[in-house]
Amino acid sequence: MPDLFHPQMMGYLESLVPQRHEVMLEMEARAREIGFPIIGIAGGQFLYQIARMMKATRIFELGSGYGYSTAWFARAVRENGGGVVHHVVWDEKLSSQAKDYLGRLGYSDIVQFHVAEAVETLKATEERFDLIFNDIDKVGYPASIPVIKERLRPGGVLLVDNMFLHGSIFDPANTSEAVQAIRTTTKLLTQDPQFISSLIPIRDGIMLSYYVP
Ligand SMILES: C[S@@+](CC[C@H](N)C(=O)[O-])C[C@H]1O[C@@H](n2cnc3c(N)ncnc32)[C@H](O)[C@@H]1O
């Protein structure tokens with residue numbers, strides 16, 4: 001996303017992230033090769049840091065792709081003493097690629113895989129989570145928020161990716177469904193007194209929302 005930032009900014013932020021496991025480097029290379037929208041290196045480090053800081057042991061991801069963001073969360077959960085990360089994607093092929101990568105990273109005992117629609121899967125769980133990460137199709141964001149609120153423990157954290165939508169939200173003439181969905185979600189998270197939210201300008205914008213106890 002070069003036009004959103006100083007041309008050297010993302011490369012600089014990524015250069016500050018310590019070296020990753022070789023399987024994670026493989027996942028990053030794959031994203032570059034096929035243009036798959038992973039959270040990115042600096043974004044991954046941010047997710048990992050938040051999960052470590054809050055000692056999260058129960059994490060639910062909506063829209064997990066082939067498991068790059070999952071790998072960062074699984075690492076945090078392992079270092080927090082163990083727990084569970086739910087990987088949810090509706091594409092069987094991506095789910096089996098994720099199983100392979102996450103198995104090779106040694107996280108098979110932590111990650112639970114679901115091939116399904118993510119919001120419905122979250123709704124069907126009976127648990128409350130320490131941390132929920134939302135990266136589904138953007139038009140699905142507004143309807144996901146009430147479901148997430150029911151499944152986040154008070155004091156928990158919600159992270160939502162693509163809150164700049166590649167810069168398209170800055171154009172007032174852009175009223176596409178996805179842009180409107182991001183605007184609505186931004187309002188839902190920044191104007192709800194039950195959340196304390198900050199939009200973090202890493203890559204495509206990550207909303208960090210604290211669910212006030
Ligand atoms: C942006 S990618 C995920 C990237 C991943 N979070 C990462 O950073 O490595 C979103 C993935 O979720 C899938 N997806 C989108 N909406 C979904 C939904 N409502 N339920 C399940 N999967 C969904 C897409 O097909 C895609 O594979």
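Anything over 25 Å Cα to Cα? Flag those among Lys55/Lys93; Lys138/Lys187; Lys99/Lys123; Lys93/Lys138; Lys123/Lys187, in the order listed. Where the Cα-Cα span goes over 25 Å, the pairs concerned are Lys55/Lys93.
Annotation: peptides 127-136, 25-34, ranked by per-residue average of other Cβ atoms within 10 Å with the highest first, follow the order 127-136, 25-34. Solvent-accessible area assigned to carbon and sulfur over region 2-211 amounts to 54 percent, based on a 1.4 Å probe.
Which whole-number percent is the relative contact order of region 2-211 (Cα, under 8 Å, 6+ apart)?
18 percent
Working from Cα pairs under 8 Å separated by at least six residues, relative contact order for region 45-101 is 41 percent. Taking the average, over residues, of other Cβ atoms within 10 Å as the packing measure, peptides 116-123, 167-174 rank 116-123, 167-174 from highest down.
Computed from the C-alpha gyration tensor, the three semi-axes of the ellipsoid equivalent to region 2-211 are 24, 21, 17 Å, from longest to shortest. By DSSP, the beta bridges lying fully in region 2-211 are antiparallel in about 35 percent of cases.
Residues whose amide H lies under 5 Å from that of Val111, counting only those 5 or more places away or on a different chain, are Val85; hydrogens are built 1.01 Å from N in the peptide plane. The residues of the chain expose on average 46 square angstrom of accessible surface per residue, using a 1.4 Å probe on protein heavy atoms.
Modelled spin-label separation between Glu120 and Arg32, with each label point placed 7 Å from Cα along the Cα-to-Cβ direction: 3.8 nm. Model label sites at Asp137 and Leu16, defined 7 Å from Cα along the beta-carbon direction, differ in position by 3.6 nm. The modelled label-to-label distance between Arg128 and Gln49, using points 7 Å beyond Cα along the C-beta direction, is 2.8 nm. Couplings for region 193-206, taken from phi via the Karplus curve 6.51 cos²θ - 1.76 cosθ + 1.60 with θ = phi - 60°, read x, 7, 10, 10, 10, 9, 8, 8, x, 8, 6, 9, x, 10 Hz in order; Gly and Pro are left as x. Highest mean first, the peptides 35-41, 150-156 sorted by other C-beta atoms within 10 Å per residue fall in the order 35-41, 150-156. What the phi angles of region 166-179 give under the Karplus curve with 6.51, -1.76 and 1.60, with θ = phi - 60°, is a coupling list of 6, x, 5, 5, 7, 8, x, 7, 7, 10, 4, 4, 5, 5 Hz, glycine and proline written as x. Mean residue ellipticity at 222 nm, helices only, the chain: -13000 deg cm²/dmol; runs of at least 4 DSSP H residues each add -39,500 (n - 2.57), and the sum is divided by the number of residues.
The values are calculated or read from the model by the stated rules, or taken from the named source; none is laboratory data. Everything numeric in this text was worked out from a predicted model, so none of it was measured. Cβ: placed from backbone, ideal geometry, glycine included. Neighbour counts: every protein chain shown. Heavy atoms of the whole protein, side chains included, go into the accessibility calculation; ligands, DNA and RNA do not. Shrake-Rupley method; radii C 1.70, N 1.55, O 1.52, S 1.80 Å.
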